[in-house]
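Structure record follows, encoded as structure tokens.
The values are calculated or read from the model by the stated rules, or taken from the named source; none is laboratory data. Model, not experiment: these values are computed from the prediction. Neighbour counts are summed over all protein chains in view; Cβ atoms, including those assigned to glycine, are modelled from backbone coordinates with ideal geometry. Side chains are part of the model used for accessible areas, which takes the heavy atoms of the whole protein and leaves out ligands, DNA and RNA. Shrake-Rupley method; radii C 1.70, N 1.55, O 1.52, S 1.80 Å.
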Amino acid sequence: MKIKILPLLLVVIGLVLRLSPHPVNFAPISAIALFSGVYLPKKWNLVLPLLVLLLTDYFLGFYGALMIFTYGAYALIALWGQILKKFKIEGPIGASLIFFLVSNFGFWAVSNIYSHNLGGLITCFLAGLPFLKQTLVSDFLYTAGLFIGYAIIKYVVQNLSRHYLYLAKLV
């Protein structure tokens, strides 16, 4: 798979899955950000997940100052993917926790629902725990799908290329 096709494919996957009906916090953006950080060149790995967010937010609606934290969380997840690539470790749980911490902190910071003190911040994080479960499941499933799917496609393409070269030598 050519590297230029891969970013386009990830954008299409992100658009279709985020704009399709889905449970709350069950979207592929963290997986796309993580995958981008691991497999895409640096010029793409921060831009791509933010591009998917921007395009889908255009249709779903923008949500004010909280967007800074949401977009920042996904940028951090792409950077987390770069770290994972360097140390050869997996990270969907880390991606989920990054999003949970940054987005809930952002919600606490920009809303007037919780008092702006340590107690209010803790209450905000506790209120967000039910959403963390959906995020963990979503990130695990989408990350597994992207990484395993990519490995399978890469394996098939490499083996087809080898067989094609072998057959070409026979002719």
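Extending 7 Å from Cα along the Cβ direction at Tyr58 and again at His116 yields two label points whose distance is 3.4 nm.
The mean sequence distance of close C-alpha pairs (under 8 Å, at least 6 residues apart), as a share of the length of the chain, puts its relative contact order at 27 percent. Comparing Asn159, Asn104, Asn25 in a Gaussian network model of the chain where C-alpha atoms under 10 Å apart are linked, the largest mean-square fluctuation is found at Asn159. For each pair in Lys85/Lys154; Lys4/Lys42; Lys42/Lys133; Lys4/Lys43, compute the distance between the two Cα atoms and list the pairs where it is over 23 Å. Violating the 23 Å limit, Cα to Cα: Lys42/Lys133.
With θ taken as phi - 60° and the Karplus curve 6.51 cos²θ - 1.76 cosθ + 1.60 applied, the whole-hertz 3J(HN,Hα) list for segment 28-39 is x, 5, 4, 5, 5, 5, 5, 4, 4, x, 7, 9 Hz, x standing for glycine and proline.
Against the chain, whose longest principal axis comes from its Cα atoms, helix 47-60 is set at around 60 degrees. Subtracting the Cα-Cα distance of Ile148 and Leu15 from their residue separation scaled by 0.36 nm leaves 45.9 nm. Between helix 118-170 and the chain there is an angle of about 10 degrees, using the helix long axis and the longest principal axis of the Cα atoms. Per residue, the convex hull spanned by the alpha carbons of the chain comes to 128 Å³. Ligands, DNA and RNA are left out, and with a 1.4 angstrom probe the accessible area of segment 9-143 is 53 Å² per residue.
Computed from point charges on the beta carbon alone (+1 for Lys and Arg, -1 for Asp and Glu), the dipole magnitude for the chain about its Cα centre is near 820 Debye. Residues Ile13, Ile5, ordered by accessible area of protein heavy atoms at a 1.4 angstrom probe radius and largest first, appear as Ile5, Ile13. One chain, two ends: Arg162 and Val137. Fully extended at 0.36 nm per residue, the span grows by 5.3 nm beyond their Cα-Cα distance. Which whole-number percent of Cα pairs in segment 40-129 have a distance greater than 24 Å? For segment 40-129, the fraction of Cα-Cα distances above 24 Å is 29 percent. From helices alone, the chain scores -27500 deg cm²/dmol at 222 nm; the rule is -39500 (n - 2.57) for each run of n ≥ 4 DSSP H residues, then divide by the residue total.
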